[in-house]
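Take a look at the structure set out below.
The values are calculated or read from the model by the stated rules, or taken from the named source; none is laboratory data. Just so it is clear, the structure is predicted and the values come from calculations on it, not from any experiment. Neighbour counts are summed over all protein chains in view; Cβ atoms, including those assigned to glycine, are modelled from backbone coordinates with ideal geometry. Only protein heavy atoms, including side chains, enter the accessible area calculation; ligands, DNA and RNA are left aside. Shrake-Rupley method; radii C 1.70, N 1.55, O 1.52, S 1.80 Å.
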Amino acid sequence: MTKSILIAGTGGQGIQFAGKQLAGTGLAFDKYVSYIPSYGPEARGGTSNCRVIISDEEIGSPVFNKPDILMVFNLESFEKYEPMLRAGGILFSDSSLVNKISWRDDLNGTYYIPASGLASDNGLTGMANVIMLAKMLAVTKIFGRDEFLDHMLESIPKSRAAMIDLNRRAFNIGYSYK
């Protein structure tokens, strides 16, 4: 199994956190991993994306132009990257912030999750990234539910222990979202 994942949105939406969690879990479970972050000069509000490859085999190049999986958190990212998604790929879009649907009929799945709205409605503002990650994992099975969740929660520093329950709640909402 080799999966290339592009996660894109705006700085401050947890794009890099999501990518690091995927890469970190891959490393923890002896996968080959590549993680390339990209973001504008603004700490928040600029563009942000990351490219992650998770593989059972050595990775020849960390660069890819056609991801297997695309997760988008804003309209600009949807418009820019949706055409790049490979045929047979899977699209995950935060439908709270992206008011478009894919025109493509060559994808293996399109998932429109109101992640930002779900986060807000459940007192989890800023946790749309975890909701989207969980839904993506529920669909793709790249990692088992518990192995990913346990690793993600263990990666939270003791100084941010209050975030453990919030992340668990957000993950459970996304994983079970229909």
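Values for this structure:
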{"read-out": "Identity of the residue in the range 77-119, out of contact with any Ser or Thr (no Cβ under 7 Å at 6 or more places or on another chain) and assigned to a helix (DSSP H, G or I), that ends up farthest from residue 16 (Cα to Cα)", "value": "83"}
{"read-out": "Pair list, Cβ under 8 Å, 6 or more apart: the range 70-93 residue in contact (Cβ under 8 Å) with a residue 24 or more places away in the chain, other residue in a helix (DSSP H, G or I) and open to solvent by 60 Å² or more (accessible area, probe 1.4 Å)", "value": "70/84"}
{"read-out": "Count of residues meeting criterion [open to solvent by 10 Å² or more (accessible area, probe 1.4 Å), within 16 Å of the chain's Cα centre (by Cα) and of a type in the set (S, T, N, Q)] in the range 78-115", "value": "3"}
{"read-out": "The range 7-40, subset assigned to a strand (DSSP E or B), out of contact with any helix residue (DSSP H, G or I) (no Cβ under 6 Å at 6 or more places or on another chain) and not β-branched (Val, Ile, Thr), residue least open to solvent (accessible area, probe 1.4 Å)", "value": "34"}
{"read-out": "Set 73, 64: member being closer than 19 Å to residue 178 by Cα and aromatic (Phe, Trp, Tyr)", "value": "73"}
{"read-out": "Of all residues in the range 143-175 being open to solvent by 70 Å² or more (accessible area, probe 1.4 Å) and in contact (Cβ under 8 Å) with a residue 12 or more places away in the chain, the one that is farthest from residue 123 (Cα to Cα)", "value": "145"}
{"read-out": "Top-ranked residue in the range 116-142 [being hydroxyl-bearing (Ser, Thr, Tyr) and crowded, with 16+ Cβ neighbours inside 10 Å; ranked as nearest to the chain's Cα centre (by Cα)]", "value": "140"}
{"read-out": "Scan of the range 49-77 for residues that are surrounded by fewer than 16 Cβ atoms within 10 Å (Cβ to Cβ) and among the hydroxyl-bearing types (Ser, Thr, Tyr), ordered by number", "value": "61"}
